[in-house]
1. I'm checking a number: the convex hull volume of the Cα atoms of segment 50-97, normalised per residue, in Å³. What is it?
2. On the first, second and third principal axes, largest extent first, how far apart are the outermost C-alpha atoms of segment 120-167 in Å?
3. Compute the acute angle (0 to 90°) between the alpha-carbon long axis of helix 18-29 and the principal axis of greatest extent of the alpha-carbon atoms of the chain; round to the nearest 10°.
4. To check you understand DSSP bridge types, tell me what percent of the beta bridges within segment 61-167 (both residues inside) are antiparallel, rounded to 5.
5. Take the Cα pairs of segment 1-69, get the Kirkwood Rh, then feed it into Stokes-Einstein at 4 °C and 1.567 mPa s and tell me D in µm²/s.
6. Compute the long axis of helix 158-172 from its Cα atoms, compare it with the longest principal axis of the Cα atoms of the chain, and write down the angle in degrees, 0 to 90, nearest 10.
7. Give, rounded to the nearest 20 debye, the magnitude of the charge dipole that the chain has about its Cα centre when Lys and Arg contribute +1 at Cβ and Asp and Glu contribute -1 at Cβ.
8. What is the Rg over Rh value, at two decimals, for the chain, using alpha-carbon atoms and the Kirkwood definition of Rh?
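No lab work stands behind these numbers, since they all come straight from the coordinates. Note that the structure is a prediction, hence the values are computed from the model and not measured. Positions of Cβ are generated from backbone atoms using ideal geometry, with glycine treated the same way; all protein chains shown enter the neighbour counts.
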Amino acid sequence: MKTIKILAITGSTRKNSSNYKILKYISEKIKTEFEVEFFEDLANIPHFNPDLDNENLPKEVEDFRNKITAADGIIICTPEYVFSLPGSLKNALEWCVSTTVFSNKKTGLITASASGEMGHEQLILIMKTLEAKFDDSTKLLIQGVRGKINDEGKIINEETEIALQRFINNFEGQF
């Protein structure tokens, strides 16, 4: 049986962020036939420049696109900064607009932040534009995340744990 490759992308560049902890939690809970790779080079992707999109594509961007292409599915977990997506995540996604790397790619979208509503809406809109494949069952908004996960990455809120398990089941069900 073929191993299903999942690329986990955190929208936070902070080491050991709540978003990283959630992705780690998911990777530990996901079925054994899934292999999860964490993309941890978001901060190294240069500012989007359409002039470089076809010629002189930065190596970091090429590597990012190749990881997306090689993955069978993607899970993005991001905070909301100033009622929007973190600039580093939006920048990385902008590098994918002229490609089809996300087209029909099975995708899970999580926004975990203090509020997160506006950032979640923006993430959904951008991923629809990139033609990623997701639905309501593979989207999750976790509000007040810092009070729902401890320093060790353990989910300490029962509703959040149930919502994450439902998300995992729905995401796995796509494959």
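1. Working: hull volume 4.2 nm³, N = 48.
Spelled out: Cα convex hull of segment 50-97, divided by residues, is 88 Å³.
2. Principal-axis extents of segment 120-167 (Cα, largest first): 35, 18, 15 Å.
3. Around 70 degrees separate the two axes.
4. Working: 2 of 14 bridges.
Percent antiparallel among DSSP bridges in segment 61-167 is about 15.
5. On the way: Rh = 13.7 Å.
Calculated translational D: 94 µm²/s.
6. With both axes taken from Cα atoms, the answer is about 50 degrees.
7. Details: 21 positive and 26 negative charges, 70 e Å.
I would put it at about 340 debye.
8. Working: Rg = 15.3 Å, Rh = 16.2 Å.
Rg divided by Rh gives 0.95.
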